[in-house]
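Note sheet for the following structure.
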């Protein structure tokens, strides 16, 4: 620039390199905080485990795919902070909701019901998962009955759990909804809940048989 | 565009990485690990004016000669960003919610002369 004229970046070049760095870092902080419309950096009181973060991100991506049908372009998104009830910071829970449509209620009996969960790359060793099957209890609108069991995940891939008792109980009352809560102790990972298309999402296989009627009906 | 190296004086892009761990921000900014706060610096001699990056065509060369010969007629020329991209952040806000946001035009990819 002509001598004496002001050049925005030239002033910086005149500084000693350590001072330059301080100026640039201060500029970076100010720039990020102002763009996020934050007066100062937030103080984080309840950091969340990485496992929970990953689950939350998958949930956000799944929601984004649901809304606009395509893998979402990067956009703002807020994931509600994992509420304290989600176990200690070293574990996190995931809730799966299954809705059954019992068209054949009357003349059918449930032989077997199996829950399938696809685990993404857990580290080696056995990983305990507490599984709670929650279902509305007839005694009261907010009551739920819970069947609790444990699942040991040894490797990545499909893990199965027999949920016949819970599904039979739902079926006998014609109740359509089964909530499965998975508590992953140690926050080491979570089942695949989004991405990979829906081929790897959790599902329940139910085998049923029509009750043979004593009267032979010819039809 | 040119990346600044050594003591190049011409308009170029200077890389500058702010590591969030170094500035104590890694607890509230979850991703990424840092911010590439690159910036543009250097001289824009009049014969380079108006051409982001380096002159590349005959037309441009002629234009430059005209400018260089009529130095007093030409305006000042500055070294500015010619390509930028957003900074994607995953961070905790003041209510400890986890927020993902893309701040547009935060990362300079190329510089050139106005």
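Computed from the coordinates by the stated procedures, all read-outs in this text should not be read as laboratory data. Since this is a predicted model, take the numbers as computed values, not measurements. Glycine also receives a Cβ, built like all others from the backbone with ideal geometry; neighbour counts cover every protein chain displayed.
Below is a table of values for the structure above.
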{"quantity": "Average beta-carbon neighbours from other chains, 10 Å sphere, peptide B:3-16", "calculated": "1"}
{"quantity": "Simple label model, 7 Å out from Cα along Cβ direction - residue A:177 to residue A:209, nm", "calculated": "3.3 nm"}
{"quantity": "Residue exposure sequence - B:77, A:175, B:5 - by fewest surrounding Cβ within 10 Å", "calculated": "B:5, A:175, B:77"}
{"quantity": "Residue A:164-residue B:83 pseudo-label distance in nm [points 7 Å out on the Cα-to-Cβ vector]", "calculated": "6.3 nm"}
{"quantity": "Label-point separation in nm, residue A:100 to residue B:94, each point 7 Å along Cα→Cβ", "calculated": "4.9 nm"}
{"quantity": "Peptide-level mean, for B:82-93, of C-beta atoms on other protein chains within 10 Å", "calculated": "3"}
{"quantity": "Residue-averaged beta-carbon neighbours from other chains (10 angstrom radius) around B:25-38", "calculated": "3"}
{"quantity": "Ordering of A:16-22, A:151-157 by burial proxy (mean other Cβ atoms within 10 Å per residue, highest first)", "calculated": "A:151-157, A:16-22"}
